[in-house]
Structure formats: structure tokens, C-alpha cells
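Q: Right, I'll just put the structure down here and ask away after.
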Amino acid sequence: GLTSAPSPQPNASRQDTVTVRRLIAGPDEEQPAWLPVSAYPHPDRIRFSYILPPAGSRGLLNAVSAVRTGYAGCRLAFHRQLADHDADDRRWNRVMSEAELLTTEVVDPLPVTRQTPRKPSTDVRLFRHERLVELEQLPYFYEYALHVRSQYDADALIAPADAVSASITARRSPGWIAMRRAQLTELSRSDLRRDYRLQLRLTRTGDLLSGPEFHSGPALEPVDLDVRQSGGGTTTVAVPPDRLPDLAFGYDLYLWANPPTTPNEPQTEPLFLSLLSVKLPWHSAFQPPASTEPLGAWAQVFDSRIEMPDSETRQRIQIGTNHAYIVEFEFALTRENTDEEFLFEDIDHLFLRAGREGKVSLPIRLEATS
């Protein structure tokens with residue numbers, strides 16, 4: 001009903017107050033409901049938008065509608081889970097089930113990091129009945145979902161909670177790229193052949209986090225994964241999400257083909273030859289032969305003077321007890337006769353570079369052992 005304000009006193013300005021009481025709603029009236037949510041790509045932030053219910057839109061036009069409908073805004077709930085691959089055969093459980101847990105720690109040098117250029121982003125234009133929600137400084141290895149539910153003041157309109165609407169998830173890319181120094185070990189040598197072992201120290205997810213992302217993000221709850229044991233059988237290990245290997249990386253081995261032979265030689269434009277490429281299962285160019293096993297790192301050789309049997313091009317990821325990850329490949333340099341030169345004599349002319357989603361690290365020389 002309507003109630004009028006008391007009659008104004010003489011010589012006082014007239015000011016009426018109108019109070020609108022919300023009526024009990026019928027079954028066809030608006031009920032609390034899950035609202036449509038959209039996600040917008042952004043290089044640094046998690047962005048969502050949601051659409052106000054009709055009651056909220058009408059409340060923007062006049063105060064009477066806002067009071068009559070009893071619309072009391074929206075309740076927002078954010079959820080996060082560890083980002084996984086879309087293909088079932090490359091998900092975390094599948095990849096890590098092929099990894100091998102060692103009984104000792106592995107060498108874990110500090111990563112060399114660099115900040116990468118940001119991808120351009122466009123401004124979001126919303127209609128009057130839409131709202132934008134942004135989250136900043138969150139770890140990139142999670143995917144985030146937003147659920148929005150409308151609320152009303154009248155208890156008569158509060159219906160039992162129905163099923164949550166389908167989740168629209170959003171991800172972001174890391175703003176850094178990092179890699180660790182690899183090791184090249186000479187196993188044997190003869191007049192026509194030299195054998196080597198290349199040990200890659202894989203980049204972990206936490207290597208790509210900035211300080212604010214690490215400290216202001218959600219709690220990093222360990223993930224239980226089944227892995228192989230070096231002595232046989234399987235076991236379950238709990239790994240914090242920032243200590244997992246970043247499976248979207250690729251590693252490329254290059255040879256400096258025209259280094260100066262003397263200190264006083266004029267410097268020319270460096271020429272680098274691509275010798276070897278190693279890709280992990282989430283890399284966009286990871287396409288090994290379907291018949292090869294295990295599901296781990298895949299190597300491609302680009303020079304005929306390098307020998308690597310097809311059976312050696314797929315290697316398991318090895319896990320140290322310190323949650324550090326390595327992959328090892330063996331290859332050989334060959335030559336037809338002693339008059340020819342080997343592909344390289346000086347390991348200092350070899351460089352390794354890491355790449356992820358089109359972003360590359362600085363080239364780093366290899367650590368040489370024998």
C-alpha cells in the first residue's frame with residue numbers, strides 16, 4: 001500500500017515521502033537465478049562480465065522499480081582449478097603417469113628469467129545492463145571461473161538453489177620466461193664418432209611467477225599425481241602447483257657457425273644453425289609419431305651429421321626428490337673420414353634457447369662435462 005508523509009507545517013516547504021511496499025510475488029515473478037557470464041581474454045588480468053537480471057535493469061531506470069522488485073544486487077563466487085590440457089591424452093595425470101621418480105635429487109641451477117612483451121589487448125565495451133569484473137596478480141597456471149547469482153530482499157522469492165550454470169573459465173599468460181642451464185656430457189670419442197648426452201633442466205611453473213603473483217594469489221594446494229618409480233611400480237606424490245614442470249615449453253639447440261677465429265678478426269653478423277629441438281607435450285608443435293612411447297619430451301634432429309635413433313627421440317621426464325625435472329637425450333656426431341671436420345669442436349659455441357607460446361628466452365651456453 002501507499003502511505004503519505006505528515007502534512008507540512010505552515011510556511012514550510014512541502015516534501016512528500018512515498019514508501020513502496022513490495023508485494024508477495026507469484027510463481028511467474030522473478031526468482032534468484034544464476035546469471036550469464038562471459039570471459040574476455042587479457043594478457044595480465046582475468047576478466048569477466050555478467051548481465052544484470054531484468055529487475056536490476058529496471059532498477060537502474062527509476063527508484064520505484066528498484067524498491068518494488070526488491071532487487072538486492074548479485075552474489076559473486078570465484079573458483080579456480082589447475083589448468084589442464086584440452087586433449088585427454090595430454091592431461092596432467094596422463095603425462096605425469098609416464099614420468100619417472102628418481103631416488104635422489106637432481107642438479108637444480110637457478111633459472112635465468114626475463115620479462116616478455118605484453119600482447120595487445122582491446123578495451124571492453126559493455127551495455128548498461130552489464131558489469132565488468134577484473135582480477136589482477138593471479139598465478140597463470142590456474143584457470144578461473146565466476147558464478148553470479150541474483151539476490152532479492154523478499155524471503156518469499158528465495159527459491160531453493162538450483163544447479164550452478166555451466167562454468168566459463170578464463171586464463172592468462174605468464175609475463176616472464178625462464179630457463180635453466182643445460183648440461184652436455186661427452187660419453188666417448190673416436191676418429192669418426194663422438195657420443196654425447198644432453199641433459200635439459202626443465203622450467204617449472206613457479207619460475208614464471210612475479211613476486212606479487214606468488215604472494216597475492218590463492219593458496220597453492222598440492223596436487224596428487226601418480227608417477228613411475230625407478231625400481232618399478234607406481235607411487236603417488238604431492239606436488240605444489242608452482243613446482244610442476246611447464247609442459248608448454250620447447251628447447252632449441254643452436255650452433256654458432258661463424259665465430260671469430262682470432263681476437264682481432266672483424267666481427268661479422270653471427271650465423272646460427274639449428275641442430276636439435278625438444279618439445280614438451282603441451283607445445284603447439286608437439287606432433288610425434290603416434291606409435292612412439294612414452295608420452296614425454298620429443299626431440300627432432302635438423303642436421304644429417306647428428307645421429308639419434310628414432311627410439312631415442314622420445315624420453316621420459318625424470319623427477320628428482322627435490323621436485324626438479326630433467327630430460328636426457330643421447331646423440332652422436334659422425335663424419336665419413338678424418339679429412340672432414342666434426343659438426344662442432346668447441347662446446348662453447350653451442351647455445352640453448354627456450355620458447356613458450358611465441359616468447360623466447362635469452363640464449364645460454366651449455367655446461368660441459370666429460
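The values are calculated or read from the model by the stated rules, or taken from the named source; none is laboratory data. Please read these numbers as outputs of a predicted model, since none were measured by experiment. Counting neighbours? That spans all protein chains shown, and the Cβs are built from the backbone with ideal geometry, glycine included. Each accessible area value is taken on the protein alone, full model and side chains, heavy atoms only, with ligands, DNA and RNA left out. Shrake-Rupley method; radii C 1.70, N 1.55, O 1.52, S 1.80 Å.
Q: Starting from residues that are modelled with pLDDT of 75 or more and among the polar types (S, T, N, Q), keep the ones in the range 43-68 and report whichever is farthest from Ala145 (Cα to Cα).
A: So the residue we want is Asn62.
Q: Quick check on the range 338-354: of everything there that is assigned to a strand (DSSP E or B) and open to solvent by less than 40 Å² (accessible area, probe 1.4 Å), which residue is nearest to Pro260 (Cα to Cα)?
A: Checked the range 338-354; the qualifying residue nearest to Pro260 (Cα to Cα) is Leu350.
Q: When you look at Arg181, is it open to solvent by 30 Å² or more (accessible area, probe 1.4 Å), assigned to a loop (DSSP other than H, G, I, E, B) and at pLDDT 90 or above, yes or no? Step through it out loud before you land on a result.
A: Numbers: open to solvent by 30 Å² or more (accessible area, probe 1.4 Å): yes; assigned to a loop (DSSP other than H, G, I, E, B): yes; at pLDDT 90 or above: yes.
Yes; evaluated as a whole, the condition is true for this residue.
For (1) hydrophobic (A, V, I, L, M, F, W, C); (2) surrounded by 19 or more Cβ atoms within 10 Å (Cβ to Cβ), each residue gets a yes or a no:
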| site | (1), (2) |
| --- | --- |
| Ser190 | no, no |
| Thr205 | no, yes |
| Leu208 | yes, yes |
| Pro212 | no, no |
| His215 | no, no |
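Q: Let me ask you something else. Would it be correct to say that Leu220 is in contact (Cβ under 8 Å) with a residue 12 or more places away in the chain, among the hydrophobic types (A, V, I, L, M, F, W, C) and in a loop (DSSP other than H, G, I, E, B)? Quick ask: steps written out before the conclusion?
A: Working: in contact (Cβ under 8 Å) with a residue 12 or more places away in the chain: yes; among the hydrophobic types (A, V, I, L, M, F, W, C): yes; in a loop (DSSP other than H, G, I, E, B): yes.
When the stated conditions are applied, Leu220 passes them.
Q: Since Glu265 meets every condition but one in (1) touching a residue at least 40 places away in the same chain (Cβ under 8 Å); (2) farther than 20 Å from Met179 by Cβ, which condition does it not meet?
A: (1)
Q: Tally the residues that are open to solvent by less than 70 Å² (accessible area, probe 1.4 Å), touching a residue at least 12 places away in the same chain (Cβ under 8 Å) and outside any helix (DSSP H, G or I), restricting the search to the range 42-71.
A: Within the range 42-71, the first condition is being open to solvent by less than 70 Å² (accessible area, probe 1.4 Å), and the residues that meet it are 42-44, 46-53, 55-57, 59, 62, 65-66, 69-71.
Subset that is touching a residue at least 12 places away in the same chain (Cβ under 8 Å): 42-44, 46-53, 55-57, 59, 69-71.
Cutting the leftovers down to outside any helix (DSSP H, G or I) gives us 42-44, 46-53, 70-71.
Total satisfying the criteria: 13.
Q: Moving on. I need the full set of residues from the range 315-370 which are among the basic types (Lys, Arg) and within 14 Å of Val107 (Cβ to Cβ), in order please. Lay out the reasoning, then the answer.
A: Kept after step one, since they are among the basic types (Lys, Arg), are these residues of the range 315-370: 316, 335, 353, 356, 359, 365.
Once the filter is applied, which keeps residues that are among the basic types (Lys, Arg) and within 14 Å of Val107 (Cβ to Cβ), the range 315-370 yields nothing.
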